[in-house]
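K.L.:
Attaching a single structure in structure tokens format; questions to follow.
The values are calculated or read from the model by the stated rules, or taken from the named source; none is laboratory data. Because the structure is predicted, anything quoted here is derived from the model rather than measured. We place every Cβ from the backbone using ideal geometry, glycine too, and count neighbours over all the protein chains shown. Ligands, DNA and RNA are stripped out before the accessible areas are found, and what is left, the full protein with its side chains, is counted by its heavy atoms. Shrake-Rupley method; radii C 1.70, N 1.55, O 1.52, S 1.80 Å.
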Amino acid sequence: MADRKTTGGCSCGAVTFEATGDPGMVIQCHCLECQKSSGAGHVPFAGYPAPQVSVKVPTKSWPYKADSGATASRYFCAECGSVVYGTTTSFPGLMAIRLGAMADSSAFEPQMAVYTKRLQKWDHDLQGKPAFETMPPMPGKS
């Protein structure tokens, strides 16, 4: 839906964003970095092509080596530290907006779970949805 607008931002409201259209994917990630940054067993996010996302107020970023071996970066508010989105060299031009940063994420449902080899016993998987021990090959990626 090209006219869909999704808004949100950080906890203190200093960083805001608007995403237009539909995301290319909605994923629940169980990798260790997502667990560490969220303090939970997973992070759900919606992946948008960067041209569909407008972020107001510059964010700070922290690059790290992901489980995949790619360089990933986490973008967060300099005031409150809330992570708003992430990027990875595995998917150049894609912004992974955290569902928790959205003003209303009720219309989004993860289509798959990734890095389930890191799934904590106390967390849950997506019942009936595809699950992958690592990041699966994505359409259009070789």
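K.L.:
Going through the range 75-89 one residue at a time, which ones are buried (at least 20 other Cβ atoms within 10 Å of the Cβ), touching a residue at least 40 places away in the same chain (Cβ under 8 Å) and out of contact with any Phe, Trp or Tyr (no Cβ under 7 Å at 6 or more places or on another chain)?
P.N.:
F76, C77
K.L.:
What's the total number of residues in the range 28-52 that are assigned to a helix (DSSP H, G or I) and open to solvent by less than 30 Å² (accessible area, probe 1.4 Å)?
P.N.:
Adding up the residues that qualify gives 2.
K.L.:
Moving on. Check the range 54-61 and report whether any residue there is in contact with a Ser or Thr (Cβ under 6 Å, 6 or more places away or on another chain), part of a strand (DSSP E or B) and basic (K, R).
P.N.:
Checked against the condition, which is being in contact with a Ser or Thr (Cβ under 6 Å, 6 or more places away or on another chain), part of a strand (DSSP E or B) and basic (K, R), the range 54-61 yields at least one hit.
K.L.:
I've got another one for you. Could you run through the range 54-74 and say how many residues are more than 12 Å from the chain's Cα centre (by Cα) and open to solvent by less than 20 Å² (accessible area, probe 1.4 Å)?
P.N.:
The total comes to 1.
K.L.:
Of all residues in the range 1-27 being aliphatic (A, V, I, L, M) and without any contact (Cβ under 8 Å) to a residue 24 or more places away in the chain, which is least open to solvent (accessible area, probe 1.4 Å)?
P.N.:
If we take residues in the range 1-27 being aliphatic (A, V, I, L, M) and without any contact (Cβ under 8 Å) to a residue 24 or more places away in the chain, then A2 is least open to solvent (accessible area, probe 1.4 Å).
K.L.:
Does A19 satisfy being modelled with pLDDT of 95 or more and under 22 Å from D123 (Cα atoms)?
P.N.:
no
K.L.:
I'm told P139 meets every condition in (1) at pLDDT 90 or above; (2) in a loop (DSSP other than H, G, I, E, B) except one. Can you identify the failing condition by its number?
P.N.:
It is condition (1) that P139 fails.
K.L.:
Under 6 Å between Cβ atoms, which residue pairs at least 6 apart in sequence (or on different chains) link something in the range 100-120 that is under 30 Å from G13 (Cα atoms) and of a type outside the set (S, T, N, Q) with a partner that is open to solvent by less than 60 Å² (accessible area, probe 1.4 Å) and in a helix (DSSP H, G or I)?
P.N.:
Cβ pairs passing all conditions: F108/L99.
K.L.:
Just one of (1) assigned to a loop (DSSP other than H, G, I, E, B); (2) at pLDDT below 90; (3) at negative phi; (4) open to solvent by 40 Å² or more (accessible area, probe 1.4 Å) trips up P92, so point out which.
P.N.:
Here P92 clears every test but (2).
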